[in-house]
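Have a look at the structure below, then the notes.
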Amino acid sequence: MISDVVIGASSGVPQININVPVFRDGKGACILTISITAASLNRLLHPADTPANWLLGVMDNNGRYVARAPRSEELIGELASDAWRSTAGKEGVFEFMSREGATIINANHRMVQTGWTVGVAINKGEFELGSKNTFQLGLAATVLSLLLSVVLSAGLSRRVAAAILTFRDNSAALLAGADSASLQTPALPELRDAWRSLRKAVNARNDHERSLHKKTEQLETLLDSAPIGIAYFDRQHRYVVVNSELAEINGISLEDHIGQTIEKLLPRNAIMVGPILDRVFSGAEVIRDLEIEGETPQRPGVTRYWLCGFFPVRDQMARVDLVGVWVVEITERKRVEEQNRLLMREVNHRSKNLLTIVQSIARQTARTQDTTAFISRFSERLASLAANQDLLIRNEWAVIDIAELVATQLAPFAEFIGTQISYAGGKVPIAANASQALGLALHELATNSLKYGALSVADGRVDIGWRSEGADFTMQWIERNGPAVVPPTRRGFGSTVLQAMLKMAVRAEVSLDFAAGGLIWRMRCPVVNLTED
């Protein structure tokens with residue numbers, strides 16, 4: 001778009017503004033404005049061979065002089081004469097009074113690119129001074145003037161338009177990343193200054209973009225390499241940024257996080273997280289080391305635990321724009337902590353059971369009347385009990401065979417093996433975590449049987465068996481011919497060891513049947529859960 005004559009805001013002189021759209025990747029990136037003073041444009045309209053007695057002028061769409069000869073300095077930017085303005089935009093030859101008060105013959109040409117009117121005029125008196133030939137010569141001059149005006153205006157239009165189009169194309173190429181050394185410097189002086197400024201601005205922009213790109217790459221690398229989950233939320237609780245660690249924790253792809261709310265992706269987790277996000281947005285509070293429990297699509301139905309931190313992310317106006325969250329999964333740590341609590345309770349419980357076992361061993365051994373035999377037998381049984389304790393310590397982190405575990409746990413009851421206790425099963429390796437839980441369960445079953453069950457009477461029997469079929473492992477403890485079984489009236493620690501600990505350690509299904517003939521205990525779990533530590 002080429003403006004009409006305006007007064008420059010900073011220069012205060014008449015000028016023409018040329019506005020050129022610059023495209024980048026097919027979209028408008030900016031508008032380039034080029035200002036040319038009317039005086040500069042006026043100089044272009046003075047060919048060296050123009051007769052001195054001619055009047056030359058260019059009138060814009062508002063009827064103001066863009067160029068004028070003579071009196072250019074006085075008239076540029078001023079309104080043209082009423083007579084010439086009445087012919088604005090019209091092609092042809094017209095007779096009217098000039099600003100100087102002379103009658104003139106004027107030839108008009110309308111410039112297509114701008115709509116401006118170019119006029120070339122001569123005094124009418126010059127046509128009346130000579131003969132017919134002279135008149136014909138004058139008329140020829142008038143026609144020549146018209147043709148000359150057309151040529152001048154068209155040539156000037158093409159020259160300026162071509163320069164501007166070249167400038168536009170070069171500007172677009174420069175903004176797109178082309179080397180400025182390979183692009184043509186504009187021929188017009190007014191464009192050369194603008195080209196230098198644009199080139200300087202583009203170079204500065206490119207340097208800034210390279211620096212920003214490098215920092216962005218470093219940030220993305222840090223985000224993806226971080227061994228903790230990281231996310232940024234907007235005020236609608238939508239994921240704005242998510243790293244791969246958090247995507248893996250949630251079991252949801254990076255792409256499926258972006259733009260979705262936590263309420264939609266993780267509804268159970270959102271119950272606790274949503275109010276915390278609102279709290280940070282409203283108060284710009286930093287929240288550290290907060291434990292959150294929930295579940296994710298990666299392990300549906302399984303309660304998991306995370307240690308989280310929340311912090312505000314501010315914009316340039318210091319307003320909280322986003323809330324950042326870091327996440328570390330502590331499900332395994334919580335499981336170990338809970339197991340340790342159970343183990344500590346078991347230490348206390350087991351010490352009491354040990355005393356009961358020692359008393360029972362002493363009573364049964366005392367049936368022997370020979371003192372020497374009593375001492376020997378009693379010492380052997382105490383040694384077996386100690387060996388049972390040693391196995392748990394020695395194999396805390398090692399894989400052992402389940403038969404070894406059963407034999408060690410039953411060592412304090414060695415006199416019953418083969419008579420009242422029988423056990424059999426295939427080779428099944430188990431890790432420390434499983435051996436501890438299963439060992440405690442066997443110890444609890446044996447202790448209770450000795451105190452209340454089949455091992456407390458002479459005719460009682462205990463059959464222990466296990467097997468591995470495909471992906472499943474099963475084990476059972478069956479008592480027969482014992483005292484009448486009475487189901488417990490409350491759930492004690494023994495039930496916790498027999499059921500809850502195995503469920504937590506190896507995700508086993510456990511059943512207790514208080515049958516009339518004796519207790520029946522069964523467990524089932526995936527074989528792989530026994531070997532994973």
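The residues packed around Y65, meaning those with a beta-carbon under 15 Å from its beta-carbon, carry a net charge of -1 if Lys and Arg are +1 and Asp and Glu are -1.
Cross-link partners for K451 among the lysines, with Cα-Cα distance under 22 Å and sequence neighbours closer than 8 places in the same chain left out: K352. Region 63-100 and region 428-446 have Cα centres separated by 110 Å. Only the Cβ atoms of Lys and Arg (+1) and of Asp and Glu (-1) were treated as charged; on that basis the dipole of region 226-329 about its Cα centre amounts to roughly 200 debye. Note: relative contact order over region 226-329, using C-alpha pairs below 8 Å and six or more positions apart, is 28 percent. Between A515 and F311, the FRET efficiency estimated from the beta carbon spacing at R0 = 60 angstrom works out to 0.55. When each of the peptides 338-344, 326-332 is scored by how many other beta carbons lie within 10 Å of its residues on average, the order from highest to lowest is 326-332, 338-344. Placing R0 at 30 angstrom, the Cβ-Cβ distance between A83 and I7 gives a FRET efficiency of 0.75 after rounding to 0.05. Considering every Cα-Cα pair within region 226-329, what fraction, in whole percent, is farther apart than 22 Å? In whole percent, the long-distance tail amounts to 22. Potential lengthening of the chain between D463 and Q476 amounts to 3.9 nm, from the contour at 0.36 nm per residue minus the alpha-carbon distance. Protection proxy ranking for 403-412, 180-189, using the average of other Cβ atoms within 10 Å per residue and placing the highest first: 403-412, 180-189. For the pair region 11-28 and region 267-284, the centres of their Cα atoms are 49 angstrom apart. With both labels modelled 7 Å from their Cα along Cα-to-Cβ, the E337 to R279 distance reads 1.8 nm.
None of the figures in this text is laboratory data; all of them are computed from the coordinates on show. As the structure is a prediction and not an experimental result, all values here were calculated from the model. Because the Cβ atoms are built from the backbone with ideal geometry, glycine has one as well, and the counts that use them run over all protein chains shown.
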